[in-house]
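The values are calculated or read from the model by the stated rules, or taken from the named source; none is laboratory data. The structure presented is a predicted model; accordingly, all values stated were derived computationally and were not measured. Here Cβ is always computed from backbone atoms with ideal geometry, including for glycine, and neighbour counts include all displayed protein chains. Please note that ligands, DNA and RNA were not included when accessible areas were found on the heavy atoms of the full protein model with its side chains. Shrake-Rupley method; radii C 1.70, N 1.55, O 1.52, S 1.80 Å.
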Amino acid sequence: MSSAAHAKRLGDVDFSEIRYRIESIGVAVRLNLVVCAGGWLYCAATWDQPNRQTIASLFGFFAVVALLFVLIPHQRIVRSRWREVFFTAWSLSSIGLAAAVSAADGGSTSPLALLFFIPLIFAALSYPLAMVVVIGGIDYVAYIVVGATGNSPQQEYVGFFALCLACVAALCGWHARNQDHRRAALLAVSRADPLTGILNRRGFEERFESELSNASRTGRPLGLITLDLDHFKQINDTNGHAAGDELLCAAVDAMKRQARPMDPIGRIGGDEFAVLVPTAAPTDTARVAERLQRALGDIAPASIGIACFPTDGVDREELHRFADEALYVRKHGRAEPKPAAQDDTMSLSWATALAHAVDERITVRHAHARRVAQFAHKIAKGLEWDDDRSEMVEIAAVLHDVGKVAVPDRVLRKEEPLSAEDWIEIRNHPVAGAEIVARIKGLEQIVPWIRHSREHFDGSGYPDGLGGEAIPFESRILAVITAFDAMTSDRAWRPAISAADALDELRQASGTQFDPECVALFERHVIATFERV
């Protein structure tokens with residue numbers, strides 16, 4: 001496997017490269033301003049020649065564009081998926097300037113044609129190879145066009161200049177290819193364990209963060225397995241470090257045979273390892289852990305701990321803590337760790353993390369899920385529900401829209417009315433949300449509440465067209481709460497309305513879209529204290 005492919009397989013981010021690309025924007029702005037200043041001086045020195053005002057105006061326009069680049073959020077551009085498009089467009093604008101001013105100054109013999117070299121050299125110093133090839137090809141063709149169509153083109157001059165430009169383009173491509181290879185090799189080395197070839201701690205944590213972000217967006221589970229080789233220090237002390245190194249390599253080979261190709265393996269300490277199992281629920285993660293433990297049994301017996309997102313934690317620290325505690329339970333017989341989802345002080349933290357991912361995607365300007373949970377808490381308190389039922393309805397309120405992780409961004413962020421095809425996507429989200437929650441042990445009770453939270457009292461809702469008391473009472477409560485909060489918050493396609501107007505809307509839809517009893521409960525237990533929510 002090539003170093004570039006290896007770096008891609010690791011799925012890491014080269015932060016030094018990002019920093020370099022951010023700095024290159026400032027350098028390019030200053031370089032463009034210097035070029036424009038030089039162009040104005042050239043125009044002033046040759047003002048008796050034709051088209052001086054046009055050429056000076058072109059340099060002036062390009063200087064303004066360069067200054068505007070100072071105002072853009074450089075870091076956001078470089079970290080976005082539009083980074084290469086942005087840099088390509090910038091280089092093409094430089095080539096366009098070179099072509100325009102050269103053509104206005106007589107074409108092939110104009111000294112301004114030297115400007116064709118600048119975007120090419122800049123691309124070689126900071127762009128990946130593919131972009132350098134594109135910029136080089138466009139740059140070369142642009143000069144040929146200017147040289148062939150200018151005033152009294154001299155074929156010998158154009159040919160020799162084009163040859164020089166092609167040679168520089170070839171050198172720039174060669175340099176960019178070597179830079180890409182060096183970058184990929186350094187990236188791989190900085191994230192790989194030199195002894196075993198798997199991810200080192202830095203590489204594993206970056207991959208963990210990436211997989212965790214993906215799990216949060218999609219609502220899929222993620223398993224973490226931590227392993228600690230038993231009696232490794234004794235082997236090292238007795239047989240020497242060479243024997244210890246051989247044992248570590250053999251253990252990694254055994255783990256690779258049992259793990260899936262998509263499961264990253266990392267060495268996070270001397271004899272400590274970790275394995276990520278994307279899309280694996282707790283039972284699936286446990287099966288992978290058992291396979292790993294059996295495979296290591298004859299080579300290097302190990303103690304193993306597992307944790308799963310979101311049941312045991314919602315961030316790296318929580319999941320690592322839970323898996324490490326589970327490992328030491330097996331190794332030293334301590335008390336079993338308590339999942340974050342069952343911790344009284346954190347019972348909603350993992351649910352809130354999932355809901356926040358949805359709020360971010362639909363670009364609501366406040367914590368919609370948290371607000372809905374606050375309203376649900378007030379109603380549960382007013383109805384004097386017991387603690388278990390109150391907590392469950394709050395969790396359901398937080399997770400009521402989690403199925404929208406399966407809805408495409410083009411639908412969620414659409415600013416115009418939804419089409420029939422868009423509504424098909426939207427109507428599937430309660431089912432997707434119920435399926436996500438059904439995977440989490442202990443939340444079976446709220447699965448139907450989430451599935452039917454978009455049903456209407458008159459049977460016109462979705463996904464199953466239930467009506468009246470066939471809809472779970474908690475779902476009818478959630479329908480009223482979510483509608484009120486949606487109406488009183490700004491969205492991309494419309495501004496918020498007042499609480500009074502939203503309440504009027506609820507009353508008008510009482511008996512059709514909403515359960516009249518639930519509307520009355522909402523008005524009694526929430527509206528009276530709405531200003532303090």
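A few points about this structure:
- Exactly one residue out of LEU120, LEU129, LEU125, LEU114 is within 42 Å of the chain's Cα centre (by Cα), open to solvent by less than 10 Å² (accessible area, probe 1.4 Å) and of a type outside the set (S, T, N, Q): that is LEU120.
- Candidates ALA432, ALA420, ALA406, filtered to the one that is among the aliphatic types (A, V, I, L, M) and touching an Asp or Glu at 6+ places or on another chain (Cβ under 9 Å): ALA406
- In segment 483-516, the residues that are open to solvent by 40 Å² or more (accessible area, probe 1.4 Å) and among the charged types (D, E, K, R): ASP490, ARG494, ASP501, ASP504, GLU505, ARG507
- Residue within segment 480-498 that is within 25 Å of TRP385 (Cα to Cα) and free of Cβ contacts under 8 Å to residues at least 40 places away in the same chain present: yes
- Members of segment 179-201 that are in a helix (DSSP H, G or I) and at pLDDT 85 or above: ARG201
- Residue within segment 184-192 that is free of Cβ contacts under 8 Å to residues at least 60 places away in the same chain and charged (D, E, K, R) present: no
- Extreme residue, farthest from the chain's Cα centre (by Cα), among residues of segment 78-111 that are hydrophobic (A, V, I, L, M, F, W, C), open to solvent by 40 Å² or more (accessible area, probe 1.4 Å) and more than 26 Å from GLY147 (Cα to Cα): VAL85
- Close pairs (9 angstrom Cβ cut-off, 6 or more residues apart or separate chains): touching a residue at least 12 places away in the same chain (Cβ under 8 Å) in segment 34-51, open to solvent by 40 Å² or more (accessible area, probe 1.4 Å) and outside any helix (DSSP H, G or I) anywhere: CYS43/GLN49
- Residue ranges of helices (runs of 4 or more DSSP H) in segment 395-482 with at least 3 members in contact with a strand residue (DSSP E or B) (Cβ under 6 Å, 6 or more places away or on another chain) and farther than 30 Å from ILE527 by Cα: none
- Where ARG207 falls short, out of the listed (1) assigned to a helix (DSSP H, G or I); (2) within 30 Å of GLY442 (Cα to Cα); (3) open to solvent by less than 40 Å² (accessible area, probe 1.4 Å): (3)
- Some residue of segment 475-482 being at negative phi and open to solvent by 40 Å² or more (accessible area, probe 1.4 Å): no
- The residue that is surrounded by the most Cβ atoms within 10 Å (Cβ to Cβ), counting only those in segment 284-320 that are modelled with pLDDT under 85 and among the β-branched types (Val, Ile, Thr), is VAL314.
- For segment 31-143, the helices (runs of 4 or more DSSP H) that sit wholly inside it and include 1 or more residues that are out of contact with any strand residue (DSSP E or B) (no Cβ under 8 Å at 6 or more places or on another chain), hydroxyl-bearing (Ser, Thr, Tyr) and over 29 Å from ASP180 (Cα atoms) are 52-71, 83-104.
- Neighbours by Cβ (under 8 Å, 6+ apart or cross-chain): first from segment 159-177, under 17 Å from ILE118 (Cβ atoms); second polar (S, T, N, Q) and not in a helix (DSSP H, G or I): PHE161/SER108
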